[in-house]
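The values are calculated or read from the model by the stated rules, or taken from the named source; none is laboratory data. Predicted, not measured: the structure shown is a model, and the values here were computed from it. Ideal geometry is used to build each Cβ from the backbone, glycine not excepted, and the neighbour counts take in all protein chains shown.
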Amino acid sequence: MAVLLLVTAFGGCGGARSAGSFGDVTLALGAAPGANDVGVYMAQARGFDEAEGVSFKLANDHADLRVMSDAELRRSPEWVGVMAIVQPAKLVLAVRRDTLDEDRGMVAASVRALQRGYLQAQLEPEEAVQAMASQVPGLDAGAVLSELDRAAPSWSAGAPFLGALPAGREFDRSVAAAQPVNQ
C-alpha cells in the first residue's frame, strides 16, 4: 500500500521538485553493466533525470558522478559517497568533494532522479531491464533479470530509505536524506 501511494505521488510531480536546470551530468558505472545499474537506465527511460533538471550521459572515465565500491571510495579521498546503491553502502554513488561543494544542487537533483529510478526498477524489474537492454548492445537481459531478483532487495535492505548512507567521513549523508525516496 505504501509503495502504491509513493508511485501515485510521483506520478504527478514532473519537474516540480527541481531547483533548476543543471544540464548534462556524466555518470560512470564501471566496467560491465549489471543488475545494480538498472536504476540508472530506468531513471533515463522514465525521464526522472530530466524531471529533476539533469540529463544523464554515461561515461567511462571522466565523469561528474561515479558508481564505486566502498573499498574503492575509501582509497579515493577526493571522492565522497552521496547515495548508497547496495546496502550497507557496499556500492555507492560518489562525487568529487569539490564538485559537491560547488554544485550541490546538481548532485542533489541527480540523487533524487536515481532514487526514483532504483525504486521504479524494484517495482518494474522487467521494464528496467528492457530500458537497460535498449542502451546496452548485446546485453543478456535474461541473466540481468535473474541477477536483479537477487540484487534489488539489497538496495534498501535495512535502510530507512533508498540511498541512505551510514556515518563516516567518506560519506555525505545529507544529500540522499534531504528528500528521501521511501521504498
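What is the residue count in segment 107-126 for residues that are of a type in the set (S, T, N, Q) and within 8 Å of the chain's Cα centre (by Cα)? Of the residues in segment 107-126, 2 are of a type in the set (S, T, N, Q) and within 8 Å of the chain's Cα centre (by Cα). Filtering ALA157, ALA167, ALA176, ALA151 for residues that are closer than 19 Å to ASP70 by Cβ, among the small types (Gly, Ala, Ser) and more than 16 Å from the chain's Cα centre (by Cα) leaves a single hit, ALA167. Does LEU4 fit the bill of being assigned to a helix (DSSP H, G or I), of a type outside the set (Lys, Arg) and at pLDDT below 95? When the stated conditions are applied, LEU4 passes them.
Among the residues of segment 160-180, none is identified as under 21 Å from ARG75 (Cα atoms), of a type outside the set (D, E, K, R) and part of a helix (DSSP H, G or I).
Could you identify the single residue in MET83, MET106, MET42, MET68 that is touching a residue at least 24 places away in the same chain (Cβ under 8 Å), hydrophobic (A, V, I, L, M, F, W, C), assigned to a helix (DSSP H, G or I) and within 26 Å of SER146 (Cβ to Cβ)?
None of the others qualify; the one that does is MET42.
Return the residues of segment 45-65 that are in a helix (DSSP H, G or I) and surrounded by fewer than 22 Cβ atoms within 10 Å (Cβ to Cβ); say none if nothing qualifies. Before the answer, list the steps.
Narrowing segment 45-65 to residues in a helix (DSSP H, G or I): 45, 48-51.
Scanning segment 45-65 gives ALA45, GLU50, ALA51.
Over 22 Å from ALA131 (Cα atoms), in contact with a Phe, Trp or Tyr (Cβ under 7 Å, 6 or more places away or on another chain) and among the small types (Gly, Ala, Ser): is that true of GLY53 in this structure? So GLY53 does not fit the description; no.
A single entry from ALA89, ALA121, ALA167 fulfils the requirement of being under 21 Å from GLN44 (Cβ atoms) and either free of Cβ contacts under 8 Å to residues at least 40 places away in the same chain or buried (at least 18 other Cβ atoms within 10 Å of the Cβ) (or both): ALA121.
Look at segment 66-86 and say how many of its residues are touching a helix residue (DSSP H, G or I) at 6+ places or on another chain (Cβ under 8 Å), crowded, with 16+ Cβ neighbours inside 10 Å and farther than 21 Å from MET132 by Cα. Looking only at that region, the number is 4. Note on segment 127-159: residues that are exposed (fewer than 15 other Cβ atoms within 10 Å of the Cβ), in contact (Cβ under 8 Å) with a residue 12 or more places away in the chain and assigned to a loop (DSSP other than H, G, I, E, B) amount to 4.
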